Amino acid sequence: MRAFLLYFIAFILIYVYNGRICPFVSTLSAQEIGFVVFVPLAISYFFRTVLYAKFIKKQKLDVQAVAIGWGDFLLFVASGLSIVLFNRIVYGFPFFESGLKIFLGALTIGFFVSVDLALEHNRKVMRVAGNMEWTYALPQVYYPITTKFFLFGTITVLLFASLVVAVIARDLYLLGSMSVQVSKVHILLTRKSIIVDVVFIMVVLLGFIVNLLYSYSLNLRMLFKSQTGVLERVSRGDMDDFVPVMTSDEFGIIAGHTNTMITGLRDRIRMMEGLKVAAEMQQALFPKKQVKFTGVDIAASSVFSDETGGDFFDFLEKLGPEKNEMVVVLGDVTGHGIGAALLMASTRAYLRMQAEYEYSPSDLLANANRLLAYDSYGTGRFVTLFCLHIAGENCAMKWASAGHDPAIIYDPEKSEFRELKAHGLPLGVLPDSEYEEVCCDTLRSGNVLVIGTDGIWEALAPDGEMFGKERLKDVVRMNHDKPATEILHAVVDAVKVFQDGEPQLDDITIVILKAE
């Protein structure tokens, strides 16, 4: 309907324009002028209907508007040329004084009509784009809005200037063709005619420009609505929709980047959900109940720096013929994230599996290392681990270490610390590694044994200073008379206070054993 209306308006404007601008056409009757203008435009409109049904509708939606714009423009060019040729052949009108002016008028009106119809079809496409398969990637070619407005403004000014020149040329031709002497009255009439024609051209062009600006503003409103609608849904957590990339200007770039952002957020959410499940699974691997051992108060905790971590601890209870032996293990896998968590789970599984048959600390580490070396070969990952065996009512201890920092024992009677040292490579480095087993020591009444990971003493303050083992010892010394759980909380709290808001860079895992 809009196309028919614009073609009809174009017929009226070209009809009036030809009669006003061309001195040769003005010699024809109104019926002849109407016939010469109507027939080409009617044929063009007929061809437009056929082309739209058979060709344009079969094109991809994102190119239909451009095809319509160029199609209508070329049809008006063809109409203008048809009028010029008809006047030349039938009436003998000259090309420069008559045909060029007529063609210029048809070209100008065709430019504005074709742009308007292209914009109108673009709105139709935008209404259905959200419900169809569409292009959501960044546009391949970039045409800034400023360039579009510059070209539109330049073409409009050139067309207006050309039409004004055509008006002046028409009136000068009429003055020059007069057989009588040109009087002041003739000049005044010519000036009035020029003013009327220029005003007519200005009103027509202004009307077309205002109409196109309004039409373009409707398109911009739809683009804004499409963009903001998707962003509002994203802000509510709904990431099912993308923004159709409808243009190759700034709006297309923004839409493309919005879609890239949504894709990234989707991947991030999937990853976070996967990490959440992994974290839940990993937390399930830690002991779920308070570990009890005769004569020993036990507390343990692990605080990850990421969703998943590489630190772990475990208690292998009720070992030995009399079920009064226990193995305490605490390990630290290199790195963070899913990879470290998987290696941690494998290490824990190997240790538990071996403990069913052999629970000597050195044998446990050697057997677990042999299995783990095959899993971690070529990955660059390894596990440091401290393994402590404690037995009987006298809490006799023996231990082995796979490259882990030694456990420390605080004796309140002597107010001194001693370390449980042992030699051995980290697990997963060499499959045939052997581990030193050290014996013997006992955990006497009031003694506090601390096994931890380097996330404690390597925690950083804002000035870059490390927490260090001396501060750890000071915290244990000041809280040695408290239950194991309170000693553990005192250590963790001291580290947090020391960091003073700095991010936790490594997992913090600690096991406290206090002899009662």
Checklist entry - Is region 202-214 home to any residue that is among the β-branched types (Val, Ile, Thr), part of a helix (DSSP H, G or I), within 30 Å of residue 305 (Cα to Cα) and modelled with pLDDT of 85 or more? => result no
Checklist entry - Do we have any residue at all in region 377-399 that's loosely packed, with under 15 Cβ neighbours inside 10 Å, farther than 20 Å from residue 313 by Cα and aromatic (Phe, Trp, Tyr)? => result yes
Checklist entry - So residue 318 fits all but one of (1) at negative phi; (2) assigned to a strand (DSSP E or B); what number is the exception? => result (1)
Next on the checklist: So, residue 333, is that one modelled with pLDDT of 85 or more, touching a His at 6+ places or on another chain (Cβ under 6 Å) and under 19 Å from residue 368 (Cβ atoms) or not?
Outcome noted: no
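Yes or no, residue by residue, for (1) surrounded by 20 or more Cβ atoms within 10 Å (Cβ to Cβ); (2) in contact with a strand residue (DSSP E or B) (Cβ under 7 Å, 6 or more places away or on another chain); (3) closer than 14 Å to residue 127 by Cα:
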position	(1), (2), (3)
225	no, no, yes
231	no, no, no
236	no, no, no
243	yes, no, yes
249	no, no, no
253	no, no, no
261	no, no, no
Checklist entry - From 342, 372, 351, which residue is assigned to a helix (DSSP H, G or I) and either modelled with pLDDT of 90 or more or within 21 Å of residue 326 (Cα to Cα) (or both)? => result 351
Checklist entry - Of these, 500, 507, which one is surrounded by fewer than 20 Cβ atoms within 10 Å (Cβ to Cβ) and either among the acidic types (Asp, Glu) or not assigned by TED's automatic domain parsing to the domain that holds residue 333 (or both)? => result 500
Checklist entry - So, of the residues in region 306-341 that are crowded, with 17+ Cβ neighbours inside 10 Å and polar (S, T, N, Q), which turns out to be farthest from residue 485 (Cα to Cα)? => result 334
Checklist outcome for this item: Residue hits (region 1-44; under 46 Å from the mean Cα position of the chain (by Cα), within 29 Å of residue 164 (Cβ to Cβ) and not aliphatic (A, V, I, L, M)) are 7
Checklist entry - at pLDDT below 90, outside any helix (DSSP H, G or I) and aromatic (Phe, Trp, Tyr) - does that describe any residue in region 21-33? => result yes
Checklist outcome for this item: Screening 483, 406, 412 for residues that are farther than 22 Å from residue 294 by Cα and not basic (Lys, Arg) leaves only 406
Next on the checklist: If I go through region 1-39 residue by residue, how many of them are crowded, with 19+ Cβ neighbours inside 10 Å, of a type outside the set (Phe, Trp, Tyr) and under 21 Å from residue 118 (Cβ atoms)?
Outcome noted: 4
Item to check | Residue satisfying all of: in region 459-501; within 39 Å of the chain's Cα centre (by Cα) and either in a helix (DSSP H, G or I) or hydroxyl-bearing (Ser, Thr, Tyr) (or both); farthest from residue 297 (Cα to Cα) among these | outcome: 499
Next on the checklist: Given the options 115, 63, name the one that is under 38 Å from the mean Cα position of the chain (by Cα), modelled with pLDDT of 90 or more and not in a loop (DSSP other than H, G, I, E, B).
Outcome noted: 115
Next on the checklist: When you scan region 222-241, do you find a residue that is touching a residue at least 24 places away in the same chain (Cβ under 8 Å) and assigned to a loop (DSSP other than H, G, I, E, B), even just one?
Outcome noted: yes
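The values are calculated or read from the model by the stated rules, or taken from the named source; none is laboratory data. Just so we're clear, the structure is a prediction, and the values are computed from it rather than from any experiment. Methodologically, a virtual Cβ is constructed for each residue, glycine included, from the backbone with ideal geometry; neighbour enumeration extends over all protein chains shown.
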